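Step one of this worksheet: look at the structure below.
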């Protein structure tokens, strides 16, 4: 358990207020203030600037905060390790995925994992890769599934699968019977694409620039499900993973003339304790990804 003065210090740093921190911890403000003051005296430095309307960390406080947070993460990891059950008769796991994978990987992965380990509680979240990396480093997540261009240091990644993007059309589209399409045909297509905040869109735009393609983007959407529905119900096409199209009977994936590929990876914080549940999930993810791997 984290020492009480440090626990109180972290709360004040988070809430920028002794009053709000005391309320969040359900303790009296004088008791909290006394504990923080004793911590400052034992360290020989002032951790907070109390002179303004809000409580701010001093320079010394900023330095100490980084170490205190790291210590809290390690102690929490230690507590999870003590509660870890190697036979997987119980346990919990916090996993995040980028939006692309919720459409075709999460379903079979969760089905396989829950079928094997029904007593493991799984907290599954969809988020952007940047937020996922922050969550891993803050020990708010155990594992993440995203792409290989990891930005944060201190994160280990393990390849899962190589994802190939294709021109995806509805079953009634004029190109639905074709196996591949030329660059000139892409210029003629009216597309619905994911909006700019998606890594997928960045990769599509880069591909188009490299091959001098000027697509006619008639619609944009910030959800993959919306893009799929538009393609199913209109004559518009899109660029999405070929594997995704195979999970929808009324969609067709048409090969691009120059392959547009990216590597999906399983991420975790470097040096983090890996529970039996996390190890089992990783093994299951590799197996399921292998079954879904595009030829």
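Considering the stretch 128-152, and only residues there that are over 21 Å from residue 71 (Cα atoms) and either assigned by TED's automatic domain parsing to the domain that holds residue 197 or at pLDDT below 90 (or both), the residue that is surrounded by the most Cβ atoms within 10 Å (Cβ to Cβ) turns out to be 129. Considering the stretch 252-267, and only residues there that are crowded, with 20+ Cβ neighbours inside 10 Å and more than 27 Å from the chain's Cα centre (by Cα), the residue that is nearest to residue 231 (Cα to Cα) turns out to be 252.
Kindly evaluate residue 109 against the criterion of being under 22 Å from residue 223 (Cα atoms), surrounded by 17 or more Cβ atoms within 10 Å (Cβ to Cβ) and modelled with pLDDT of 90 or more.
Values: under 22 Å from residue 223 (Cα atoms): yes; surrounded by 17 or more Cβ atoms within 10 Å (Cβ to Cβ): yes; modelled with pLDDT of 90 or more: yes.
Yes, satisfied.
Per-residue answers, yes or no, for (1) within 23 Å of the chain's Cα centre (by Cα); (2) modelled with pLDDT of 80 or more; (3) closer than 30 Å to residue 115 by Cα:
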position: 50; (1), (2), (3): no, yes, no
position: 53; (1), (2), (3): no, yes, no
position: 61; (1), (2), (3): no, yes, no
position: 64; (1), (2), (3): no, yes, no
position: 70; (1), (2), (3): yes, yes, no
position: 89; (1), (2), (3): no, no, yes
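Criterion first (within 28 Å of residue 136 (Cβ to Cβ), surrounded by 15 or more Cβ atoms within 10 Å (Cβ to Cβ) and in contact with a strand residue (DSSP E or B) (Cβ under 7 Å, 6 or more places away or on another chain)) does residue 57 satisfy it? Yes; evaluated as a whole, the condition is true for this residue.
Here residue 85 passes the criteria (1) outside any helix (DSSP H, G or I); (2) within 23 Å of residue 13 (Cβ to Cβ); (3) at pLDDT below 85 except the one numbered (2).
Condition check ((1) in contact with a helix residue (DSSP H, G or I) (Cβ under 6 Å, 6 or more places away or on another chain); (2) at positive phi; (3) surrounded by 14 or more Cβ atoms within 10 Å (Cβ to Cβ); (4) assigned to a loop (DSSP other than H, G, I, E, B)) across all residues:
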{"residue": "34", "(1), (2), (3), (4)": "no, no, no, no"}
{"residue": "37", "(1), (2), (3), (4)": "no, no, yes, no"}
{"residue": "42", "(1), (2), (3), (4)": "no, no, no, no"}
{"residue": "52", "(1), (2), (3), (4)": "no, no, no, yes"}
{"residue": "62", "(1), (2), (3), (4)": "no, no, no, no"}
{"residue": "66", "(1), (2), (3), (4)": "no, no, no, no"}
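In a strand (DSSP E or B), modelled with pLDDT of 90 or more and over 30 Å from residue 66 (Cα atoms): is that true of residue 124 in this structure? Taking the combined requirement at face value, the residue does not satisfy it. Of everything in the stretch 153-192 that is without any contact (Cβ under 8 Å) to a residue 40 or more places away in the chain and under 18 Å from residue 219 (Cα atoms), the residue that is surrounded by the most Cβ atoms within 10 Å (Cβ to Cβ) is 187.
Please state which one of 10, 39, 43, 47 is within 15 Å of residue 64 (Cβ to Cβ), touching a residue at least 12 places away in the same chain (Cβ under 8 Å) and in contact with a strand residue (DSSP E or B) (Cβ under 9 Å, 6 or more places away or on another chain). Working first, answer last.
Details: 10 fails: in contact with a strand residue (DSSP E or B) (Cβ under 9 Å, 6 or more places away or on another chain); 39 fails: in contact with a strand residue (DSSP E or B) (Cβ under 9 Å, 6 or more places away or on another chain); 43 fails: in contact with a strand residue (DSSP E or B) (Cβ under 9 Å, 6 or more places away or on another chain).
The match here is 47.
Is it the case that the stretch 167-189 has a residue that's in a loop (DSSP other than H, G, I, E, B) and within 21 Å of residue 292 (Cα to Cα)? Yes - at least one qualifying residue is present in the stretch 167-189.
The values are calculated or read from the model by the stated rules, or taken from the named source; none is laboratory data. Model, not experiment: these values are computed from the prediction. Quick reminder, even Gly has a Cβ in these numbers, built from the backbone with ideal geometry, and neighbours come from all protein chains shown.
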